[in-house]
Amino acid sequence: MAKWLISPDHPLTARVAVNRYWQIIFGQGLVRTPEDFGLRGEPPTHPALLDWLARDFVDNGWNLHHLLKQMVCSATYRQSSWTDEKTRKIDPKNETYSRSNPDRLSGEMIRDNALAVSGLLVRTLGGPPVKPYELTVGFIPVEPDEGDGLYRRSLYTLWKRNSPAPAMVTFDAPKRDVCTVKRETTASPLQPLIILNGPQFVEASRVLAEKLIREHPEDEEAQIETAFRLLTSRLPEKEEVSLLGNFLDRQFSEFRSNPAGAERLLEVGQAPFSGDVDPIDLAAKTVVINTLMNFNESIFQR
């Protein structure tokens, strides 16, 4: 059975695999019903492309690096997601791939990205499950880990079959009692609340803010531009820098009148911070970076 599944003469396994990775990269598969490749499912929008990619995948030894490189280096993937109203009316579902599909990152990716940008992410491979901050709310009684266990990739977060980590549920992570080949993506008010108030995100914002203060002392514009580039993968426009600068000034004023609030903000999370950084300055920039983490372009793949 196993030999037959991966036999070069058996195309189904390769087609299913290619469709799944196409779905991850482009937001939707060439077959829009990945759970059903049979007669009841939708036919592929581009059958010749699906066949070619499947054959190329097999001929190159089922090499995932090769397959993904083929996809992300294609002109189709590198298109802009912006389009005009005429094109959207002609192809509302983007079945012709005339544009890129905006696709929100999964909850695991959003959390891992915040940790990676701040430098907190622990990239160690393997090991037992870990308990980050959010598990203390959903799995009572559970105490969070200390040290590296708080900053492992979300892949290693302790997971109960019928009860995922609360933050992951908010970002549409499914339960693991049944197989899920495609997650449904929703938008809810709870999602920005997680990013703006979750200890993991607030702590990552503080660590990144301190890092940028040290890298660009006395240059707030450079701090804003670097944070924006790290979180959105592009440089901000002048108007965006101005808006963020005004927001930063308002945060300065607020924390100067409420230094106790700044201290409470900086105490979130176990990562230490240096006492030689002005707490008012650090708290204000923590809020700005935390706000940027919630920016559409920080959590959407375009």
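Checking D148 against (1) open to solvent by 80 Å² or more (accessible area, probe 1.4 Å); (2) in a helix (DSSP H, G or I); (3) free of Cβ contacts under 8 Å to residues at least 24 places away in the same chain, which single condition isn't satisfied?
Here D148 clears every test but (3).
So P132 ticks every box in (1) open to solvent by 30 Å² or more (accessible area, probe 1.4 Å); (2) part of a loop (DSSP other than H, G, I, E, B) but one. Which box is left unticked?
(1)
With the requirement that a residue be over 18 Å from R183 (Cα atoms) and either open to solvent by less than 70 Å² (accessible area, probe 1.4 Å) or not acidic (D, E) (or both), what does the range 3-22 give you?
The answer is K3, W4, L5, I6, S7, P8, H10, P11, L12, T13, A14, R15.
Give just the number: which of (1) without any contact (Cβ under 8 Å) to a residue 12 or more places away in the chain; (2) open to solvent by less than 40 Å² (accessible area, probe 1.4 Å); (3) of a type outside the set (S, T, N, Q) does E237 not satisfy?
Going through (1) without any contact (Cβ under 8 Å) to a residue 12 or more places away in the chain; (2) open to solvent by less than 40 Å² (accessible area, probe 1.4 Å); (3) of a type outside the set (S, T, N, Q) one by one, E237 breaks only (2).
What's the number of the condition V169 fails, among (1) open to solvent by 70 Å² or more (accessible area, probe 1.4 Å); (2) closer than 23 Å to G119 by Cα; (3) assigned to a helix (DSSP H, G or I); (4) of a type outside the set (S, T, N, Q)?
Result: V169 passes all but (2).
Can you pull out every residue in the range 258-302 that is modelled with pLDDT of 90 or more, open to solvent by 40 Å² or more (accessible area, probe 1.4 Å), within 28 Å of T185 (Cα to Cα) and part of a helix (DSSP H, G or I)?
Answer for the range 258-302, where residues must be modelled with pLDDT of 90 or more, open to solvent by 40 Å² or more (accessible area, probe 1.4 Å), within 28 Å of T185 (Cα to Cα) and part of a helix (DSSP H, G or I): just T291.
For the range 170-201, enumerate the residues that are more than 21 Å from G27 (Cβ to Cβ), without any contact (Cβ under 8 Å) to a residue 12 or more places away in the chain and of a type in the set (V, I, T).
Passing the criteria: only V178.
For the range 23-118, give me every one of the helices (runs of 4 or more DSSP H) that falls completely inside it and has 3 or more residues that are open to solvent by less than 40 Å² (accessible area, probe 1.4 Å) and modelled with pLDDT of 90 or more.
47-59, 107-118
Do any residues in the range 202-216 that are surrounded by fewer than 19 Cβ atoms within 10 Å (Cβ to Cβ) have Cβ atoms under 9 Å from those of residues that are of a type in the set (S, T, N, Q), where the two are at least six apart or on different chains, and which pairs are they?
From the range 202-216, the pairs are K211/S118; R214/S274; E215/Q223; E215/T226; H216/Q223; H216/T226.
The values are calculated or read from the model by the stated rules, or taken from the named source; none is laboratory data. Remember, it's a predicted structure, so these values are computed and weren't measured experimentally. For neighbour counting, all protein chains shown are included, and Cβ atoms are generated from backbone atoms with ideal geometry for every residue, glycine included. Quick note on the areas: whole protein, heavy atoms, side chains included, nothing else; ligands and nucleic acids left out. Shrake-Rupley method; radii C 1.70, N 1.55, O 1.52, S 1.80 Å.
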